[in-house]
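The values are calculated or read from the model by the stated rules, or taken from the named source; none is laboratory data. Source: prediction; values computed, not measured. Ideal geometry is used to build each Cβ from the backbone, glycine not excepted, and the neighbour counts take in all protein chains shown. With ligands, DNA and RNA removed, areas are computed over all heavy atoms of the protein, side chains included. Shrake-Rupley method; radii C 1.70, N 1.55, O 1.52, S 1.80 Å.
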Amino acid sequence: MNRIYSFDMVSDDLGYFTIQNFTYPIKTIDGGNTYSDLDELPENIGVRGYGDNVIMTINTNRIYVSIDGGQSSTYIPIPDDGTYDLIYTSLFTDDGVLYFAGRSSMVGKSTDFGASFINLNEYQRENLIDIKIHSSGTGVAEGGTRSIIKTDDGGGTWEFQDFSGLASDNYLNAVVVISKDKYLVAGNDILLVVENDQITQNVPVGIDNMLYNSAGDYLIGLRSDFSDFSIVKSTDQGLTWETKAFLPNYNYHISQSSSGKIYVPGQEDNIYTSIDGGDTWDIESFGSETKIRRLAFLDENIGIATNGLQLYLTTDGGETSSTISTGYDIRNMHFISADNIVYTTSNESQTNIYESVDGGNSFVETKEFCSQSRGSFRDEDNTIWLAQNGGHINKYIPEGSTATSDIGNELLTLYPNPITAGQDVRLESNNPVTEILLASISGRIIRKIKATQENTFSTNGLSSGMYSVTIKSVSYTHLTLPTKRIV
């Protein structure tokens with residue numbers, strides 16, 4: 001006996017079955033005494049029937065429908081507008097309405113056997129491509145033709161931005177957040193300048209990826225125009241762009257190290273680099289590796305790169321490299337420190353996070369998220385934000401990222417991290433703490449706190465935002481921990 005994957009009995013006599021190792025569904029018209037192959041329905045999964053002649057097979061993202069009892073069938077693709085996701089289950093009602101449900105809380109409906117579809121879920125975000133979060137707490141994720149999702153509280157809550165009139169053929173590619181009240185969203189033929197939640201400029205330029213340097217107040221972008229690929233720069237926050245270099249091949253990735261060096265992989269043997277803010281470009285390599293798709297440098301010496309299947313490490317600025325991990329569709333690579341490296345692999349169903357705390361000598365899978373992750377962003381607290389298919393936004397706090405400082409003989413740990421407004425915060429120290437100073441990100445002292453015997457202090461009355469925490473101990477040593485966020 002073979003395993004029955006699915007079946008649907010339309011009546012006591014008429015029914016359909018999908019069977020393990022069978023190529024086609026099978027049909028019975030005599031209650032299971034005899035069967036015939038439905039060889040015009042090529043998907044042997046998810047069979048559904050209605051009435052005497054309608055048969056549908058539904059396989060995650062493909063539908064075949066027959067309206068003549070299986071003598072012929074028509075392929076029907078799921079609408080490709082980003083609001084539908086993989087189908088896991090379906091049913092026919094007594095009046096012939098097809099309902100189906102699947103990943104990303106998707107619920108769909110068809111009243112005409114697949115000729116048209118209705119998405120019943122109000123949650124209709126499209127697949128997200130890029131995400132950025134500003135130090136002020138403003139963040140934006142975008143994707144598809146209309147999905148722009150915004151947070152004002154550092155990722156605690158996200159709201160759909162309803163900008164009517166966006167062209168249905170203008171696919172959103174990248175986002176940068178300039179300030180608390182201003183961000184740019186780039187598409188394949190237009191760039192939107194958004195200020196105070198209103199579109200103030202529609203710049204007629206297509207940008208595929210963007211990098212914003214706040215210290216220099218400049219943008220570096222990647223453009224593709226038929227067979228011409230170029231690196232462009234803007235010094236007026238996206239209103240005008242100047243071509244700085246042409247690329248013989250094209251990639252959609254751009255990154256910048258802490259030293260300010262900019263990297264654009266050319267997808268073959270070459271990597272394009274700039275040390276002057278993108279005004280001039282040199283050609284370098286990453287060891288002997290070719291077809292580099294993404295790369296990230298901690299500084300000008302330590303970097304990682306991938307061709308999508310292997311992860312490479314260099315410690316000499318790309319002169320030499322070695323393979324440190326393998327996977328499928330490697331992307332979203334981040335240095336937390338020289339020892340702490342995070343990357344993701346993904347497929348249509350999920351994103352897997354791998355982390356190393358020994359400089360890439362070994363990696364451990366630490367987290368799985370539903371759906372594929374296209375882009376990511378690491379904020380000042382080392383939280384990694386993932387923009388995913390189905391409109392999801394997930395976050396990951398690296399295992400190796402701690403709130404610990406070790407200077408001289410002082411060891412201090414602050415938790416929880418991040419901090420929720422109103423929480424009591426505790427310090428663990430190998431020396432008694434006498435005073436705690438909280439300062440704004442601009443350096444202004446917000447609060448001086450005398451430590452309790454338990455080394456705790458309250459955050460009551462503090463607004464959400466970024467704070468510097470400085471500790472004074474009995475040894476009269478002042479230690480400033482990495483900047484912390486109160487959410």
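Shown here are the Rg and Dmax of the Cα trace of the stretch 211-316, at 13.3, 39 Å.
Overall size of the stretch 285-369 from C-alpha positions, given as principal axis extents largest first: 36, 26, 17 Å.
Pairwise inverse Cα distances across the chain, averaged and inverted, put the Kirkwood hydrodynamic radius at 25.7 Å.
Please report the base-10 log of the normalised intensity I(q)/I(0) for the stretch 201-269, using a Debye sum with one equal scatterer per alpha carbon and no solvent, at each q in 0.15, 0.28 (1/Å). Each listed q maps to, in turn, -0.47, -1.40.
Mind listing which chymotrypsin sites (Phe, Trp or Tyr not before Pro) in the stretch 181-254 are in a DSSP loop and have 11 or fewer other Cβ atoms within 10 Å? Passing both the DSSP loop test and the Cβ count: Phe226.
When only alpha carbons of the stretch 94-183 are considered, Rg and Dmax amount to 16.6, 55 Å. From the square roots a ≥ b ≥ c of the eigenvalues of the alpha-carbon gyration tensor of the stretch 161-224, which class results: rounded (a/c under 1.5), prolate (a/b over b/c), or oblate? Oblate, since a/c reaches 1.5 and b/c is not below a/b.
Send over the per residue convex hull volume for the stretch 58-112, Cα only, as a whole number of Å³.
83
By accessible area, using a 1.4 Å probe on protein heavy atoms only, the stretch 208-356 has 44% of its surface on carbon and sulfur. Based on alpha carbons, the Rg and Dmax found for the stretch 1-135 are 16.8, 69 Å.
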